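Here the structure comes first, spelled out in structure tokens, and everything after it is commentary.
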Amino acid sequence: ALSPSLIKPMMIVARRVAQRHHGRIRSSFSSNFYNCPQSAFFSSSSPPKSEQDDDKTKAKQNTSITATNKAAIDATTTSLGQVIFLNSSKSGTAILASLAIGDPTLAVYAGLGAYTATLTAQSIGLNEQSCRDGLFGYNGALIGCAASVFGPSFVPVGVAYTMLGASATSVLCASLNKALSQPQWTWSFNVVALTSILRMKPLEAVAETPATDVAATSLSYSVGVMDFVASPLVGISQIFVVDSALTGAGIIGSIGMYSPKLGVHALGGSTLGCLVGLLFGADTSDVVHGLWGYNSALASMAVGTFFVHSREAVALSAGSAAASAALFGALQPVFGSLGAPCLTLPFCAVTSACYLLDGQVPGLKLAKEPHSPEKNA
């Protein structure tokens, strides 16, 4: 046992040793804390720099993919608008919706054709701005429409026809751009589509229908006044090979979104075409189904799009509509005997001739930047 006299000095010594040892630990901790990099303490909550870079790269890639997909969709819908001279993705989207009302399958084929043609043009390095403006895609959209109506009924084969034909129109468009001194209209569509249609002869089945069946069909279908009234709208829809007044009304609305005056050209042209058909003694069934109106509507719209708006341009618009209908009446029996439709050949021929009138007739002048009757100056 230790005496009280020894315990007190020992406690004093122990306290002094502990104080000295605590001072060394505190000094060492402070020195190490302030000299240590912050990353050593916060590495658990912040990822390494390499991981941050990977995240940024992935974010940029996702943004790039989204932008690319949006550009592809915009080019596709703009292509649908360019079929009727509308350089607008919104109008093209409205047209696609209108087509879906009249024929959902055809709408899908039209979109596929426009997308394939645009993608082909981009892949082979054609003008990027023209691709965005739908100038390499609209013929492909028409190929899709024709494949849906006149092509094989077996869907995989129809899709293959659409994609191959649409791709071919892009290449042909590039060639025609060099060869022609004017817009190429729908020549590419006619060349590619007729190459297949003249071989398949889809209208032969109609021509070979027994006379008794035709008579029975005629009796079951009577043409009324409202059918004639709606025929110009059906003619508008027949531009896309759709037989629907409702679709035609939707397309007129799409045109009105872009240019109200151009909508007047379209409806007026189709109406004149139907009237010419009646004056020529055409089959009333052909008239009410819009077959006499679609080429006339396209020709009238072309004049309204490319010429400076004037009284002379309006007269040319009406004249081109009548001439397109007359040429359709001449070509329809010829191609019908071959089991094929004449498609938009009347429009292409008449509009090419009208384009050459620039500067030759007083008051007729091509617009420097073609857009619409409202903006052409």
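The values are calculated or read from the model by the stated rules, or taken from the named source; none is laboratory data. This is a predicted model, so every value here is computed, not measured. In this analysis, Cβ positions are derived from the backbone assuming ideal geometry, glycine residues included, and neighbour counts consider all displayed protein chains. Accessible surface areas use protein heavy atoms only, side chains included; no ligands, DNA or RNA. Shrake-Rupley method; radii C 1.70, N 1.55, O 1.52, S 1.80 Å.
Hey, does segment 195-204 have a residue that's at pLDDT 90 or above, open to solvent by 70 Å² or more (accessible area, probe 1.4 Å) and not in a loop (DSSP other than H, G, I, E, B)? Yes, that holds for at least one residue.
With respect to being at pLDDT 60 or above and not aliphatic (A, V, I, L, M), Q61 falls outside the description. Within the set F307, F280, the sole residue that is modelled with pLDDT of 95 or more, closer than 29 Å to L356 by Cα, buried (at least 24 other Cβ atoms within 10 Å of the Cβ) and not polar (S, T, N, Q) turns out to be F307.
When A340, A326 are checked against the criterion of being farther than 20 Å from P202 by Cα and either open to solvent by less than 20 Å² (accessible area, probe 1.4 Å) or in contact (Cβ under 8 Å) with a residue 40 or more places away in the chain (or both), A326 stands alone in meeting it. Checking every residue in segment 310-320 against the condition of being assigned to a helix (DSSP H, G or I), in contact with a Ser or Thr (Cβ under 6 Å, 6 or more places away or on another chain) and without any contact (Cβ under 8 Å) to a residue 40 or more places away in the chain gives zero matches. In summary, P333 fulfils each of the numbered conditions (1) more than 28 Å from the chain's Cα centre (by Cα); (2) farther than 25 Å from I197 by Cβ with the single exception of condition (2). Annotation note: Cβ proximity below 8 Å between a residue of segment 234-260 that is on the phi > 0 side of the Ramachandran plot and a residue that is among the small types (G, A, S) (sequence gap 6+ or interchain) occurs for V241/A146; V241/S148. Residues considered: V155, V149, V192. Of these, the only one that is of a type outside the set (K, R), open to solvent by 60 Å² or more (accessible area, probe 1.4 Å) and touching a residue at least 12 places away in the same chain (Cβ under 8 Å) is V149. Looking across segment 90-116 at every residue that is within 10 Å of the chain's Cα centre (by Cα) and farther than 17 Å from L262 by Cβ, the one that is surrounded by the fewest Cβ atoms within 10 Å (Cβ to Cβ) is identified as T93.
Is it the case, given these coordinates, that G359 is open to solvent by 60 Å² or more (accessible area, probe 1.4 Å) and in a loop (DSSP other than H, G, I, E, B)? It is true that G359 is open to solvent by 60 Å² or more (accessible area, probe 1.4 Å) and in a loop (DSSP other than H, G, I, E, B). Within segment 158-183, the set of residues being closer than 28 Å to P370 by Cα, free of Cβ contacts under 8 Å to residues at least 40 places away in the same chain and open to solvent by 60 Å² or more (accessible area, probe 1.4 Å) comprises S175, N177, K178, A179, L180, S181. Going by what's in this entry, would L291 be described as in contact (Cβ under 8 Å) with a residue 40 or more places away in the chain, among the aliphatic types (A, V, I, L, M) and either open to solvent by 10 Å² or more (accessible area, probe 1.4 Å) or more than 23 Å from V83 (Cβ to Cβ) (or both)? Considered against the rule, which asks whether it is in contact (Cβ under 8 Å) with a residue 40 or more places away in the chain, among the aliphatic types (A, V, I, L, M) and either open to solvent by 10 Å² or more (accessible area, probe 1.4 Å) or more than 23 Å from V83 (Cβ to Cβ) (or both), L291 comes out as yes.
Scanning segment 343-356 for residues being crowded, with 20+ Cβ neighbours inside 10 Å and not in a helix (DSSP H, G or I) gives a total of 2.
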